[in-house]
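> One structure, as structure tokens, below. Some questions next.
The values are calculated or read from the model by the stated rules, or taken from the named source; none is laboratory data. Computed from a predicted structure; not experimentally measured. Cβ coordinates were reconstructed from backbone atoms using ideal geometry, including for glycine residues, and neighbour counts include every protein chain displayed. Note: areas computed on protein heavy atoms with side chains; ligands, DNA, RNA excluded. Shrake-Rupley method; radii C 1.70, N 1.55, O 1.52, S 1.80 Å.
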Amino acid sequence: QVQLVESGGGLVQPGGSLRLSCTASGIIFNIYHMGWYRQAPGKQRELVTFITNDGSTNYADSVKGRFTISRDNAENTVYLQMNSLKPEDTAVYYCNAYPSPLNFWGQGTQVTISS
């Protein structure tokens, strides 16, 4: 049974930081490229960043220089370090495989940036 469990979200002020975690089970994690996606209210889900199975990374222009993705294959976990957060980063954040997400999404973790 595939599970993707995201955690680490919260309410922070603009300029603050958060570190998200996503632990996967039921898949051979180390063969997958993994991505962080987000969905803001009233908007479609979008890809924020991804990390390949050998550790190469790519970022959306909107988060480049502020977010850092990493992975720990021994722990089946992918991380997202988010710095210099902006109100427009407010969204529910999800992890999933990239470029073809699995037919299953976790519950996501809510990130709210507000003063």
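> Report every pair of residues separated by at least 6 positions or lying on different chains whose Cβ atoms are under 6 Å apart, first residue within the range 49-67 and more than 18 Å from residue 77 (Cβ to Cβ), second open to solvent by 40 Å² or more (accessible area, probe 1.4 Å).
Correct list of pairs: 66/83; 66/84.
> While we're here: Which residue is modelled with the lowest pLDDT, if the candidates are limited to the range 6-33 and must be of a type in the set (A, V, I, L, M, F, W, C) and open to solvent by less than 70 Å² (accessible area, probe 1.4 Å)?
So the residue we want is 27.
> Among all residue pairs at least 6 apart or on different chains, which show Cβ distances below 6 Å where the first residue, located in the range 74-97, is more than 15 Å from residue 34 (Cβ to Cβ) and touching a residue at least 24 places away in the same chain (Cβ under 8 Å) and the second is assigned to a loop (DSSP other than H, G, I, E, B) and of a type in the set (A, V, I, L, M, F, W, C)?
Going by the 6 Å Cβ cut-off, the qualifying pairs are 91/40.
> Next question. For the range 58-115, give me each residue that is hydroxyl-bearing (Ser, Thr, Tyr) and open to solvent by less than 50 Å² (accessible area, probe 1.4 Å). Show your work before the answer.
The initial filter retains those residues of the range 58-115 that are hydroxyl-bearing (Ser, Thr, Tyr), namely 59, 62, 68, 70, 77, 79, 84, 90, 93-94, 98, 100, 109, 112, 114-115.
Result: 59, 70, 77, 79, 90, 93, 94, 109, 112.
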